[in-house]
Amino acid sequence: MTGPDRRRGLRTAIAALVAPEIRAWNGEMPLPVVFWLYGVAASVVLGTLYATSVFLEQHRLEQGLLLLFAAYSIWLPVSIWRSALRSTSPWAVPARWL
């Protein structure tokens with residue numbers, strides 16, 4: 001595989017990886033998926049990684065995860081709110097207040 005083909009393949013792989021997050025940010029994902037999968041499950045995974053990095057004294061990983069937490073703390077409520085705007089679920093009203 002040549003250089004341009006390899007870069008194109010890498011861009012395609014990255015686009016496929018972040019496509020669900022972009023759809024969530026745009027409010028195009030169902031509210032339960034955004035809340036439970038991206039909100040709860042991802043927070044548990046990130047929290048576990050952070051606790052493990054603290055326990056193992058991996059300071060660079062801790063710092064990287066803190067930066068990730070900062071971005072995630074902005075991305076998640078906006079994604080929930082935008083998904084709630086399109087939802088007719090009874091849970092959409094309290095999710096908009098989030």
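The values are calculated or read from the model by the stated rules, or taken from the named source; none is laboratory data. Only a predicted model underlies this, so the values are computations on that prediction, with no experimental measurement involved. Positions of Cβ are generated from backbone atoms using ideal geometry, with glycine treated the same way; all protein chains shown enter the neighbour counts. The accessibility values were calculated without ligands, DNA or RNA, using every heavy atom of the protein model including side chains. Shrake-Rupley method; radii C 1.70, N 1.55, O 1.52, S 1.80 Å.
With respect to being outside any loop (DSSP other than H, G, I, E, B) and hydroxyl-bearing (S, T, Y), S73 fits the description.
For the condition small (G, A, S) and over 13 Å from the mean Cα position of the chain (by Cα), what is the one hit in A16, A41? Criteria check complete, one pass: A16. Residues that are touching a Leu at 6+ places or on another chain (Cβ under 7 Å) and open to solvent by less than 60 Å² (accessible area, probe 1.4 Å) were ranked within segment 48-71; the one that is modelled with the highest pLDDT is S53. For A51, are the conditions met, namely being part of a helix (DSSP H, G or I), in contact with a Phe, Trp or Tyr (Cβ under 8 Å, 6 or more places away or on another chain) and among the small types (G, A, S)? It is false that A51 is part of a helix (DSSP H, G or I), in contact with a Phe, Trp or Tyr (Cβ under 8 Å, 6 or more places away or on another chain) and among the small types (G, A, S). Kindly indicate whether any position in segment 82-94 is under 11 Å from the mean Cα position of the chain (by Cα), surrounded by 12 or more Cβ atoms within 10 Å (Cβ to Cβ), assigned to a helix (DSSP H, G or I) and of a type outside the set (F, W, Y). No, the conditions are met nowhere in segment 82-94.
Within segment 10-36, the set of residues being open to solvent by less than 100 Å² (accessible area, probe 1.4 Å) and either at pLDDT below 80 or touching a Cys at 6+ places or on another chain (Cβ under 6 Å) (or both) comprises A13, I14, A15, A16, V18, A19, P20, E21, W25.
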